[in-house]
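Worksheet: one structure, shown below.
The values are calculated or read from the model by the stated rules, or taken from the named source; none is laboratory data. All values derive from a computational prediction rather than experimental measurement. Here the Cβ positions follow ideal geometry from the backbone for every residue, glycine too, while neighbour counts run over all protein chains shown.
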């Protein structure tokens, strides 16, 4: 086939970028054409996303892509899950979407459990319990008598908002809908019975669309501004992890249970296994795993783990104080620090939005009777080794739910650049780690567009393309005895 171009808009919690994918029928070549800073905006005590600024950057990125390549077959957006915006009468945008780290959801899970039990909510949704899930955000608005909720006629999760802005078509893409905790993975429909019990509005929810759906062409105003006449808007796996997992370069055989698990590693680390259908069982509820939608009708049975957020926040605090540390400098400081001295639980509530992450890490260590890491290298090493230990804990859970030994951990995403953490993951888990591709989310987004266009026949074929197109690094476990000893200490820390 002659080379075709697709465009991925990959919008993360700290940055966004536009990536062109040039596909010649055998290999995919990536070209980043635009990048911008992203992050929450604080107004008094509230945290919001700056939606209009994000949209301005998306349009600017489209112009940059149009300047590089006049013929782009399609464009698709992926972002984080759970957050949403509201539209009122006449599709009027009602305010800025809240940021998932906003404090208004504090205590909302307990409020929900007083109406519907934890087991009942899980039976309807199969989802991991996290206080920022859309269900608790919506409940916070309801209990707070939000005037926006009273005026709302449509709820669009963040990627749905951007696809509406691009195409004028409203829908709720399935993989992102599955993060809301009011989507039923068994029926593939909204969990309306649960919403009724919690007295939450269900009329805001629209049709659920699958990855690979073509919404139509760009709005005429967007096409004229960007010069992308004829470009279609196509839904990838709009939850960024769904796109990242599509890019896992693993081979699969029909009817054979996978012997690998994945970690999509960035601000968050999402670790799990790929299944052909949801697993909504007492064991999954007990382990607090989540059933999220995947591309090609698969289920991502996974657990959210606090990932490189811990190190990102440390760097932000130190650089605000004038340190000017880049990632390589931090890695060098960490490598020089003593190994396996102190460990924290990356998912402890005090790390969700601490303000001063280094102080929060030290305070956690003191509270749990461990030496507090004083210098920067010791703090970073503590954070990285703790994340690796959490991988080990969740890896064992994945094996339990999979019903058999897992031989390989595939780590994908920007976090693969942290070789120290990749090696620590191999050491902690005692198994081979395959790291790459780095640009997993954009790659999965682009390949889903290629599948939708008929240029690639299936998800399995897309993964073959990815294996041919991008290098990976392999890590074998070392010094496992020291990690075995330290794991016992880690379990006491997380259970205490």
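Some notes on this structure:
- Residues that are touching a residue at least 40 places away in the same chain (Cβ under 8 Å), farther than 27 Å from residue 453 by Cβ and assigned to a strand (DSSP E or B) within region 11-48 comprise 40, 41, 46, 47, 48, listed in sequence order.
- Considered as a group, the residues in region 464-496 that are in a loop (DSSP other than H, G, I, E, B) and at negative phi include one that is surrounded by the most Cβ atoms within 10 Å (Cβ to Cβ), and that residue is 470.
- Among the residues of region 163-202, those that are free of Cβ contacts under 8 Å to residues at least 40 places away in the same chain and over 25 Å from residue 450 (Cα atoms) comprise 187, 189, 190, 192, 195, 196, 202.
- Selection of region 213-228 for residues being surrounded by fewer than 19 Cβ atoms within 10 Å (Cβ to Cβ) and in contact with a helix residue (DSSP H, G or I) (Cβ under 6 Å, 6 or more places away or on another chain) yields 216, 227.
- Criterion (in the same structural domain as residue 402 (by TED's automatic domain parsing), over 23 Å from residue 442 (Cβ atoms) and crowded, with 17+ Cβ neighbours inside 10 Å) met by exactly one of 269, 337, 323: 337
- Looking across region 229-265 at every residue that is more than 30 Å from residue 207 (Cβ to Cβ) and within 11 Å of the chain's Cα centre (by Cα), the one that is surrounded by the fewest Cβ atoms within 10 Å (Cβ to Cβ) is identified as 265.
- Some residue of region 126-138 being more than 22 Å from the chain's Cα centre (by Cα) and at pLDDT 95 or above: no
Okay, residues lined up against (1) under 23 Å from the mean Cα position of the chain (by Cα); (2) closer than 30 Å to residue 346 by Cα:
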site: 434; (1), (2): yes, yes
site: 444; (1), (2): yes, yes
site: 451; (1), (2): yes, no
site: 459; (1), (2): yes, no
site: 463; (1), (2): yes, no
site: 471; (1), (2): yes, yes
site: 477; (1), (2): no, yes
site: 489; (1), (2): no, yes
site: 493; (1), (2): no, yes
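- Filter result (closer than 14 Å to residue 78 by Cα and surrounded by fewer than 20 Cβ atoms within 10 Å (Cβ to Cβ)) within region 2-13: 12
- Among the conditions (1) without any contact (Cβ under 8 Å) to a residue 12 or more places away in the chain; (2) surrounded by 15 or more Cβ atoms within 10 Å (Cβ to Cβ), the only one that residue 53 does not satisfy is (2).
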